[in-house]
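Derivation of every value follows stated rules applied to the coordinates shown; laboratory data play no part. Everything quoted here is computed from the prediction, not taken from an experiment. Cβ atoms come from the backbone with ideal geometry, glycine included; neighbour counts cover every protein chain shown.
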Amino acid sequence: MRQAGMLVERMKNGEAAPEKHFNPYLYEALEHQGILMTGSEWAQHAANPFPDTNQPLLVEVGCYMGKNVLEFAQNNPNWNVLGIDITYKRTVKAARKIKSLGMTNAKILISDARQALAELPPGSLKGLCVFFPDPWPKKKQKKNRLLQEPFLKLLAEKLDPKDGFFWFKTDSEDYFQCVKELTTQLKWGESAPDVLPQGLEPLPYTTVFEALFMGKNLPIYRRVFTPPQG
Ligand SMILES: C[S@@+](CC[C@H](N)C(=O)[O-])C[C@H]1O[C@@H](n2cnc3c(N)ncnc32)[C@H](O)[C@@H]1O
């Protein structure tokens, strides 16, 4: 995959916009300085990109156009919330909403989640949400799934060992079973299906894709996992 956010990164360093692949969101990405971060900005500030660095950090991977980042940040003002996605359009639309609401406890990062997570100090993350990740349903596509052993091992290092959580929702039964098998193997704990993470204002936090699947009466699989102890 081409590095997400690479073009805006180059433009911030003074390079001209590429003539090919014209994308209006690329220009707008430059206007959201301080709200929409690139991978290298995150690498410099991963420990404290928010004004109140004492607040717990909640990360949503694959935040789409920011619906849940906004809901989390508005309803939990004592948390810092970071949404990560890989496209200019989605991250710009999310950043736009944060800017128009003048929110200071929400930010957006354009990056592959694996690279972003690697930059965090160990034990510094309170919660990570992955809602309806691309399911890659065919057998030969499964290697593209985000939630595989390397990602879960990295996440276990970054989560607060005491009360950190990983909240996962999917419509794919196979993806869900694979993650459950892996977390069991790696000795993660898990909640009952409908339990929400402790410490967050208890709201449904229904995502855009979740609403689509619910509208079709399709089953949704969800769990809150806790990192392995010791
Ligand atoms: C199926 S959509 C789900 C969007 C949203 N979570 C929801 O439930 O409505 C998956 C999202 O994950 C993003 N995505 C895919 N791979 C990613 C990666 N490696 N890092 C961060 N985001 C990723 C996609 O761009 C897309 O916005």
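Observations, loosely collected:
- Taking other Cβ atoms within 10 Å as a rough exposure proxy, Phe132, Phe50 sort from fewest to most as Phe50, Phe132.
- In loop segments of segment 1-71 as defined by DSSP, the chymotrypsin sites (Phe, Trp or Tyr not before Pro) with at most 12 further C-beta atoms inside 10 Å of their C-beta are Phe22.
- With both labels modelled 7 Å from their Cα along Cα-to-Cβ, the Tyr27 to Gln44 distance reads 2.5 nm.
- Order of Lys153, Lys12 under a 10 Å beta carbon neighbour criterion, fewest first: Lys153, Lys12
- Cα-based shape type of segment 6-226, given that a ≥ b ≥ c are square roots of the gyration tensor eigenvalues and the cut on a/c is 1.5: prolate
- The ranking of Thr184, Thr207 by Cβ neighbour count inside 10 Å, starting from the fewest, reads Thr184, Thr207.
- Cross-link pairs exceeding 29 Å in C-alpha to C-alpha distance, out of Lys67/Lys216; Lys67/Lys126; Lys138/Lys216; Lys97/Lys140, comprise Lys97/Lys140.
- Segment 72-123: chymotrypsin sites (Phe, Trp or Tyr not before Pro) in DSSP loop, at most 14 other beta carbons within 10 Å: none
- Scalar couplings 3J(HN,Hα) for segment 196-208, obtained by applying the Karplus form with A = 6.51, B = -1.76, C = 1.60 to θ = phi - 60°, are 9, x, 5, x, 8, 4, x, 10, x, 6, 6, 8, 4 Hz; x denotes Gly and Pro.
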